[in-house]
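First comes the structure, then the notes that go with it.
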Amino acid sequence: MPEYASSDEEAENDLIAYCEKIDFDPEWVAPDKWASSIRIAQQKQYGFVQARKTILTDQEELVKAGARDARKAKLDSDAADLLAQITYDHALKDSLVVTILNQCAAAYVGGERVNLGLGGSPMDRGAYGDLRDEWTAAAELADGGVFTEFVSHAPQNKAALGKGQVGNTLAKRKVQGNLLVRIAGVRFNMHIDIAD
């Protein structure tokens, strides 16, 4: 008999660990499919093996050309036309908001990682404060479109909070700010290093 989970929490923890192992963000799995995988993991006749197979199926669907085309079409039909609006908006056109949203949009279409990092030197705290204001302004332009739930977090000292390790890498985080946005329901998180 297959090994199976005894609770939602155990099933979810196993599936999240499996997603990390196969380098797949569970954010890409629709909430109803994720709930189904959790239920499958708890069934004696299916268990973890079948639940993991559903995750693999979701991952395969994500990378198919048709799925990419559908995501591109969804982005292109953005009712708010946010990417065009910010390009022509007097206050935002020269802002990093344009770069960040374009990076998130490209990751959405490509089915790539949802946790992104803004390269370059650490940003001055004042500049990050301005960027947070611009992020809020972009959210107002996005109303009614596929870009939703704009959130910005104040800088945090990740190392002091015990979150200094970057995944399974040797890289270390210090002070970091985060800008979040959902694109057609998929949440993206842009990590921004902040100068001490």
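How big is the accessible area of residue 123 in square angstrom, nearest 10, if you roll a 1.4 angstrom probe over the protein chains? Answer for residue 123: close to 30 Å² accessible.
Only Cα pairs under 8 Å and 6+ residues apart enter the sum, and on that basis the relative contact order of the stretch 1-107 stands at 24 percent.
Of the listed residues 153, 191, 90, the order by accessible area with a 1.4 Å probe, largest first, is 90, 153, 191.
Counting only protein heavy atoms and a probe of 1.4 Å, the accessible surface of the chain is 50% carbon and sulfur. Heavy-atom accessible area for residue 112, with the other protein chains in place and a 1.4 Å probe, reaches approximately 100 Å².
Using a probe of 1.4 Å on the protein chains alone, the accessible area found for residue 24 is around 10 Å². Within the shell of other residues whose beta carbon sits under 14 angstrom from the beta carbon of residue 12, the net charge comes to -3, with Lys and Arg scored +1 and Asp and Glu -1. Taken over the chain, lysine pairs spaced eight or more positions apart, or on distinct chains, with alpha carbons under 15 Å apart number 7.
Counting Lys and Arg as +1 and Asp and Glu as -1 over every other residue whose Cβ lies under 13 Å from the Cβ of residue 70, the net charge comes to +2.
The angle separating the long axis of helix 31-41 from the principal Cα axis of greatest extent in the chain is about 30 degrees. Between rounded, prolate and oblate, where does the chain land on the alpha carbon gyration tensor, with a ≥ b ≥ c its root eigenvalues, rounded for a/c under 1.5, else prolate if a/b exceeds b/c? Oblate. With the simple model of a label 7 Å out from the Cα in the direction of the Cβ, residue 127 to residue 50 spans 5.4 nm.
Counting only DSSP beta bridges with both residues in the chain, tell me the antiparallel percent, nearest 5. Antiparallel bridges make up about 80 percent of those DSSP assigns within the chain.
Packing-based ranking of 39-46, 113-120 yields 39-46, 113-120, ordered from highest to lowest mean Cβ neighbour count within 10 Å.
The values are calculated or read from the model by the stated rules, or taken from the named source; none is laboratory data. Owing to the predicted nature of the structure, the values given are computational and were not obtained by experimental measurement. All Cβ positions, even for glycine, are placed from backbone atoms using ideal geometry, and neighbour counts span all protein chains on display. Accessible surface is based on the protein model in full, side chains and every heavy atom, while ligands, DNA and RNA are left aside. Shrake-Rupley method; radii C 1.70, N 1.55, O 1.52, S 1.80 Å.
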